[in-house]
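Trainee: Take a look at the following structure, please.
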Amino acid sequence: MKKILYILCVTLALVSLAGCTSRPEISEEALGGSAQILESNVEVDDAEIIVEKNKIMFYIAPLDVSSSDERLRELGVDFVKVLGGYTAGEELEAPTEEYYGELYDYYDVEIIIEGEHGAVLDKATKAKGKNEIVWQESL
């Protein structure tokens, strides 16, 4: 009986530890460096990343707000992949053509394309562990 109780306790401890996986920390260098890379694009006026708990928020202000929705969304996806690549290394898998990077297995994502005076032109979300960015239909 003691042996079964011991095995049960060890199993429960392992299961609870597996559920407590910590998120990888994102350095200020990765945040600033990723924003600088996107801002070096002639189509981007300003870019910023904010991390709050388990969410990464990407803010992009395009230089030309009359760019097509498709192009603005491409810039948003590029920004996500740039940070995913910046944080990749021995512990995290890098983005690929079909994958945003392992960083996003630990964080939810919100992409906000801003126009003049902070008006939201487009917005998207991506749930942690999912490999799909979902853009809002209309704002």
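Derivation of every value follows stated rules applied to the coordinates shown; laboratory data play no part. No experiment lies behind these values; they were computed from the predicted model shown. FYI the Cβ positions are ideal-geometry reconstructions off the backbone, even for glycines, and counts take in every protein chain you see.
Trainee: What list of ³J(HN,Hα) values in whole Hz, one per residue of the range 45-57 in order, does the Karplus curve 6.51 cos²θ - 1.76 cosθ + 1.60 (θ = phi - 60°) give from phi, with Gly and Pro shown as x?
Mentor: Values, residue by residue: 8, 8, 9, 8, 10, 10, 10, 10, 6, 10, 10, 10, 10 Hz.
Trainee: Related question: For Tyr99, Tyr104, what ranking results if the residue with the fewest other Cβ atoms within 10 Å of its Cβ goes first?
Mentor: Ranked by crowding around the Cβ, least crowded first: Tyr99, Tyr104.
Trainee: Given the peptides 65-78, 48-61, arrange them by the average over their residues of other C-beta atoms within 10 Å, most packed first.
Mentor: 48-61, 65-78
Trainee: Report, by chain and number, residues whose modeled amide H sits under 5 Å from the one on Asp122, excluding near sequence neighbours (fewer than 5 apart, same chain).
Mentor: Answer set, sorted by chain and number: Ile113.
Trainee: With θ set to phi - 60° and the Karplus curve 6.51 cos²θ - 1.76 cosθ + 1.60, what are the ³J(HN,Hα) couplings of the range 65-79 in order, to the nearest whole Hz, using x for Gly and Pro?
Mentor: Residue by residue, the range 65-79 yields 5, 8, 4, 5, 4, 4, 5, 4, 5, 4, 4, x, 5, 4, 4 Hz.
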